[in-house]
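This report concerns only the one structure given below.
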Amino acid sequence: MKYKERYLVLADGSVYKGYAFGADSEAVGEVVFTTANVGYPESLTDPSYRGQILVFTSPLIGNYGVSQDQWESDSIQVNGVVIFDLTKPNHYKSVMSLDEWLRRQDVPGIFRVDTRALTVKLREYGVIMGAITDNPQRGLGIIKETPPYDSINFTELVSPREPIVYEGEDPCIGIVDCGVKLGIVRELVSRGVEVVRYPCLMWRKALDCDGVLISNGPGNPMLLTELSSLIDDVVKDRKPTLGICLGHQLVAVGMGARLFKMKYGHRAINKPVLDLVRNKVYVTTHNHGYAVDPSTLNGTGLKVWAVQPDDGTIEGLYHENLPIFTTQFHPEARPGPVDTRWVFDKFISVIKGESGWM
């Protein structure tokens, strides 16, 4: 089969040639990379990737096809896909190829790109706006016409319009849904509790539940000023609270800390996290481009319980007097290792009053 040429154009004028697969359309977004070797269906359907073009550093993508039980939302969330080699699926659960899936969901892809050189570029330069197009001259124009990634509130695009209820026994956990991964919902539901996903702007309703989970989600957390009162009310009610990824950042900001944008972020399923309290190391799943500035924690009541040993990024916080706990990593591990699923057991235990976070 003959594939037509396609190009990835970056905002600095760099052009990477490859071949088209997926939808016959164009895409623009912030170009980021993941070092995950498996789990491409979970990554592509992760709402935290909305607004981004995702580069896979693993050279073989597509070899086990697509099956719906691997999805983290009801559709592909990335704007575009960049890989090196597009492989044919060979798996008994596969219902379609990666190529067909992207075509069905109108998401363009490009393969045979030198993803090693591209990743080095992103590590040295940092994440950058880019476009997938069949016309490299047009690519720069598309980028210039598009608002920067950091200026768009993507949570409005991935948060549900109405509450979604998963019936179960007490306690009730209200999710402030900024783009929650279904793996997080599945972990809670599997423990028999009642779960309600509330649109992020309906966060006050979540406070009616016994515990609050502030979810992951895409985009710039510093744009979410509508949620500034959420943490105030959580503190006032002494509500057991778990913040995951974006939720971790929102808790920190709500308590008075500041954030910074990382050069190229953490996006992988093999990132070590050092538990400073339990003196353990976990292998964890990450997808974040922002982090909490440790120099701004004084006076917030927040203490660090986990860090990323490679660069010292804060990976977990707890409040010294309140039942508030956060993880910058993803404890549901979709995809990835299951080292930190204990976080959900601990959360339910805190809600029931059986233990504290620490």
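Taken as a whole, the structure places Phe21 among residues that are part of a strand (DSSP E or B) and over 25 Å from Pro337 (Cβ atoms). Count, please, the residues in region 331-346 that happen to be assigned to a helix (DSSP H, G or I) and either acidic (Asp, Glu) or farther than 23 Å from Leu230 by Cβ (or both). Total meeting the criteria: 2. The single condition among (1) in a helix (DSSP H, G or I); (2) over 13 Å from Thr241 (Cα atoms) that Ser349 does not satisfy is (2). Of the numbered criteria (1) under 22 Å from the mean Cα position of the chain (by Cα); (2) touching a residue at least 40 places away in the same chain (Cβ under 8 Å); (3) part of a loop (DSSP other than H, G, I, E, B), the one Val113 fails is (1).
Evaluate the following for Gly243: is it crowded, with 20+ Cβ neighbours inside 10 Å, part of a strand (DSSP E or B) and touching a strand residue (DSSP E or B) at 6+ places or on another chain (Cβ under 7 Å)?
Against the criterion (crowded, with 20+ Cβ neighbours inside 10 Å, part of a strand (DSSP E or B) and touching a strand residue (DSSP E or B) at 6+ places or on another chain (Cβ under 7 Å)), Gly243 qualifies.
Looking across Val78, Val32, one residue alone is outside the structural domain of Gly179 (by TED's automatic domain parsing), in contact with a strand residue (DSSP E or B) (Cβ under 7 Å, 6 or more places away or on another chain), part of a strand (DSSP E or B) and buried (at least 19 other Cβ atoms within 10 Å of the Cβ). It is Val32.
The residue pairs whose first member lies in region 332-358 and is under 30 Å from Ser67 (Cα atoms), whose second member is part of a loop (DSSP other than H, G, I, E, B) and among the acidic types (Asp, Glu), and whose beta carbons are closer than 8 Å, counting only pairs six or more residues apart or on different chains, are Ala333/Asp339; Arg334/Glu72; Arg341/Glu332; Phe344/Glu332. For beta carbons closer than 7 Å, sequence separation of 6+ or different chains, a first residue in region 1-20 that is closer than 14 Å to Asp85 by Cα and a second that is basic (Lys, Arg) and surrounded by 15 or more Cβ atoms within 10 Å (Cβ to Cβ), the qualifying pairs are Gly18/Arg6; Gly18/Arg112; Tyr19/Arg6; Tyr19/Arg112; Ala20/Arg6.
Among the residues making up region 341-355, those that are of a type in the set (Phe, Trp, Tyr) and either in contact with a helix residue (DSSP H, G or I) (Cβ under 8 Å, 6 or more places away or on another chain) or surrounded by 14 or more Cβ atoms within 10 Å (Cβ to Cβ) (or both) are Phe344, Phe347. Looking only at region 308-324, filter to residues that are among the polar types (S, T, N, Q) and buried (at least 19 other Cβ atoms within 10 Å of the Cβ); which one of those is farthest from His248 (Cα to Cα)? So, considering only residues that are among the polar types (S, T, N, Q) and buried (at least 19 other Cβ atoms within 10 Å of the Cβ), the one farthest from His248 (Cα to Cα) is Gln308.
Can you name the residue in region 1-39 that is aromatic (Phe, Trp, Tyr) and in contact with a Ser or Thr (Cβ under 8 Å, 6 or more places away or on another chain) and is also nearest to Gly109 (Cα to Cα) among such residues? Before the answer, list the steps.
Taking region 1-39 and keeping what is aromatic (Phe, Trp, Tyr), we get 3, 7, 16, 19, 21, 33.
Now narrow it down to the ones that are in contact with a Ser or Thr (Cβ under 8 Å, 6 or more places away or on another chain): 7, 33.
Details: Tyr7: 10, Phe33: 14 Å.
The selected residue is Tyr7.
Set side by side, the residues Glu162, Glu72, Glu167, Glu124 differ, and just one is touching a Lys or Arg at 6+ places or on another chain (Cβ under 7 Å), at pLDDT 95 or above, of a type in the set (D, E, K, R) and within 29 Å of Ile244 (Cα to Cα), which is Glu72. Identification of strands (runs of 3 or more DSSP E) wholly contained in region 116-213 with 3 or more residues that are in contact (Cβ under 8 Å) with a residue 60 or more places away in the chain, in contact with a strand residue (DSSP E or B) (Cβ under 9 Å, 6 or more places away or on another chain) and over 30 Å from Lys17 (Cβ atoms) yields 169-177.
The values are calculated or read from the model by the stated rules, or taken from the named source; none is laboratory data. Quantities reported herein were computed from a predicted structural model and do not represent experimental measurements. As a convention, Cβ positions derive from the backbone with ideal geometry for all residues, glycine included, and neighbour counts pool all protein chains shown.
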